[in-house]
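**Q** Quick one: this structure, given as structure tokens, is what I'll be asking you about.
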Amino acid sequence: MNGALIIEALRSPRGRGSDKGSLKGIKPVQLLGGQLQALAQRTGIDTARVADVVIGCVTQTGDQGSNIGKMALVQARWSDAAPALSINRYCASGLSAVQFAAQQAMVADGLAVGGGVEMMSRVPMASDQGPLTHDYGFQRATDLVPIGLAADAVASLEGFTRQQCDDYALASQQRAAAARDSGSFRSVVPVQASDGTMVLERDETPRPQTTAHSLAQLEPAFAAMGEKYGINTLLCQRYGLAAINHVQHAGNSPAMADGAAAVLLASPQAAHRLGLGARGRILACADASVDHTLALTGAVDATRKALARAGLATSDIDLFEVNESFAALMLHYMKHLGVTHEQLNVNGGAIALGHAMGATGAMLVGTVLDELERRKQRRAVVAICGAAGLATAMVIESLA
């Protein structure tokens with residue numbers, strides 16, 4: 001898979017993942033289908049030549065059930081010769097989908113597509129009612145805790161303060177608003193209704209009115225839950241903590257979002273045969289799994305593995321695009337990898353832009369390529385963690 005080329009990477013604007021979101025009236029199959037249609041049009045590919053399409057989607061039920069990847073190909077009027085599957089690696093699903101598609105492109109010496117979709121306004125998180133969220137006995141027996149409390153535990157272990165987390169969140173909002181308003185997100189494909197009317201042209205999730213004062217007024221989101229269900233005690237006993245410092249709240253946690261993304265991959269030989277120019281090259285990928293209770297620290301491990309496979313160090317990387325699972329986890333990433341905030345999520349992240357769970361990882365590929373091209377820089381790491389300790393990272397080189 002090393003050396004697979006990124007021909008194009010597109011994403012929808014993110015809509016609010018609630019009843020007030022502009023994309024609420026669009027079905028997931030339509031949202032993803034629109035991105036696939038745009039991908040085929042922009043690249044001019046014969047979709048019958050695509051060896052596989054791999055789509056990340058976390059909550060695969062209702063509107064997102066029945067292999068949403070294949071259904072979106074039908075919606076996009078792609079050739080019936082193009083196969084597809086849908087995968088769930090929790091929040092890392094979209095980036096894993098790009099990784100698997102790259103592998104398929106290299107094995108087939110052809111084309112493949114990786115991407116993702118999640119519409120949290122229509123298919124709420126945990127509506128599939130799996131054991132991660134709905135089997136309390138299983139959770140207690142295995143020390144599997146809600147991820148917000150895991151983030152508070154990481155903050156407590158590392159000594160991160162509420163002020164530090166809020167400062168990070170404020171920067172995410174300011175960066176995202178500036179990037180959106182300046183047109184930095186060039187890979188965004190506006191969403192239109194079936195009659196051609198415009199539904200959403202740009203991300204509606206950033207909150208540029210956010211201030212340090214407004215963040216400071218928000219109550220910790222997970223303190224009452226941790227106390228009521230004895231999770232604080234469990235975490236203190238497991239990690240030798242005197243107390244849990246509840247620093248996460250609605251303003252420094254990822255916002256729920258709707259979104260879809262599609263990335264076209266090719267082997268170098270196939271790109272040459274088909275006359276396709278490439279925006280980037282995948283240098284290495286890595287998956288990781290870490291302590292399932294702390295859950296969200298795996299982006300560090302996956303990044304280290306991916307860099308080692310690429311024969312690179314953090315000092316060789318220009319930009320780091322890491323899903324903002326929670327503010328405390330971004331502080332953890334910077335601390336343990338020696339990455340500066342000037343390199344990390346320079347156009348904001350999920351705290352401001354929103355987290356469309358199954359799509360976010362694939363979205364970040366286009367986001368970081370846009371920025372590498374704008375800055376005329378060379379290399380980036382995309383990394384994302386998921387529930388139960390899962391994580392994926394990818395090292396990308398710009399060819400622009």
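**Q** Return the only residue of S315, S289 being touching a Leu at 6+ places or on another chain (Cβ under 7 Å), hydroxyl-bearing (S, T, Y) and surrounded by fewer than 24 Cβ atoms within 10 Å (Cβ to Cβ).
**A** After applying the criteria, what remains is S289.
**Q** Are there any pairs, at least 6 apart or on different chains, whose C-beta atoms fall under 8 Å, with the first in the range 383-400 and within 10 Å of Y90 (Cα to Cα) and the second acidic (D, E) and assigned to a strand (DSSP E or B), and if so, which?
**A** Here the result reads L390/D287; A391/D287, each pair linking the range 383-400 to a residue that is acidic (D, E) and assigned to a strand (DSSP E or B).
**Q** To continue, here is another question. Counting just the residues of the range 373-387 that are of a type in the set (D, E, K, R) and in a loop (DSSP other than H, G, I, E, B), which one comes out nearest to A362 (Cα to Cα)?
**A** Here the answer is R378.
**Q** Return only the number of the condition from (1) within 29 Å of A151 (Cβ to Cβ); (2) free of Cβ contacts under 8 Å to residues at least 60 places away in the same chain that M225 does not satisfy.
**A** Every condition holds for M225 apart from (2).
**Q** Return the pairs, sorted by first residue and then second, in which the second residue is aromatic (F, W, Y) and part of a loop (DSSP other than H, G, I, E, B), the first residue lies in the range 76-95 and is at pLDDT 95 or above, the beta carbons are less than 9 Å apart, and the residues are 6+ apart or on different chains.
**A** Qualifying pairs under 9 Å: A84/W78.
**Q** Take the conditions among the β-branched types (V, I, T), in contact (Cβ under 8 Å) with a residue 60 or more places away in the chain and buried (at least 23 other Cβ atoms within 10 Å of the Cβ) and apply them to I6. Does it pass?
**A** Yes; evaluated as a whole, the condition is true for this residue.
**Q** Next question. Residues that are under 30 Å from H292 (Cβ atoms): list the helices (runs of 4 or more DSSP H) wholly contained in the range 188-240 that include at least 2 such residues.
**A** The helices (runs of 4 or more DSSP H) meeting that bar are 223-228, 231-239.
**Q** Give the range 172-187 a look and list any residue that's of a type in the set (S, T, N, Q) and part of a loop (DSSP other than H, G, I, E, B), or say none.
**A** Answer for the range 172-187, where residues must be of a type in the set (S, T, N, Q) and part of a loop (DSSP other than H, G, I, E, B): S184, S187.
**Q** I need the full set of residues from the range 237-258 which are surrounded by 24 or more Cβ atoms within 10 Å (Cβ to Cβ) and of a type in the set (S, T, N, Q), in order please.
**A** Hits for the range 237-258 are Q248, N252, S253.
**Q** For the range 26-71, which positions are among the acidic types (D, E) and either touching a strand residue (DSSP E or B) at 6+ places or on another chain (Cβ under 6 Å) or assigned to a helix (DSSP H, G or I) (or both)?
**A** Correct list: D52, D63.
**Q** For the subset of the range 164-196 comprising residues that are surrounded by fewer than 17 Cβ atoms within 10 Å (Cβ to Cβ) and within 16 Å of G33 (Cα to Cα), which member is modelled with the highest pLDDT?
**A** Among them, the one singled out is P190.
**Q** Return the total of residues in the range 7-25 being assigned to a loop (DSSP other than H, G, I, E, B), of a type in the set (G, A, S) and closer than 16 Å to V189 by Cβ.
**A** Summing the residues that are assigned to a loop (DSSP other than H, G, I, E, B), of a type in the set (G, A, S) and closer than 16 Å to V189 by Cβ in the range 7-25 gives 2.
**Q** Can you name every residue in the range 72-100 that is among the β-branched types (V, I, T) and assigned to a helix (DSSP H, G or I)?
**A** Across the range 72-100, the qualifying residues are V74, V98.
**Q** What are the residues in the range 241-251 that are in contact (Cβ under 8 Å) with a residue 12 or more places away in the chain and either in a helix (DSSP H, G or I) or not β-branched (V, I, T) (or both), if any?
**A** Hits for the range 241-251 are L241, A243, N245, H246, Q248, H249, A250, G251.
**Q** Determine if the range 122-131 includes at least one residue that is part of a loop (DSSP other than H, G, I, E, B), buried (at least 18 other Cβ atoms within 10 Å of the Cβ), touching a helix residue (DSSP H, G or I) at 6+ places or on another chain (Cβ under 9 Å) and among the small types (G, A, S).
**A** no
**Q** Going by what's in this entry, would A310 be described as more than 30 Å from G44 (Cβ to Cβ) and crowded, with 24+ Cβ neighbours inside 10 Å?
**A** no
**Q** Looking at the range 259-282 only, could you name the residues that are assigned to a strand (DSSP E or B) and either surrounded by 21 or more Cβ atoms within 10 Å (Cβ to Cβ) or of a type in the set (V, I, T) (or both)?
**A** Result: G259, A260, A261, A262, V263, L264, L265, A266, G280, I282.
The values are calculated or read from the model by the stated rules, or taken from the named source; none is laboratory data. Please read these numbers as outputs of a predicted model, since none were measured by experiment. Glycine gets a Cβ as well: all are built from the backbone with ideal geometry, and neighbour counts include every protein chain shown.
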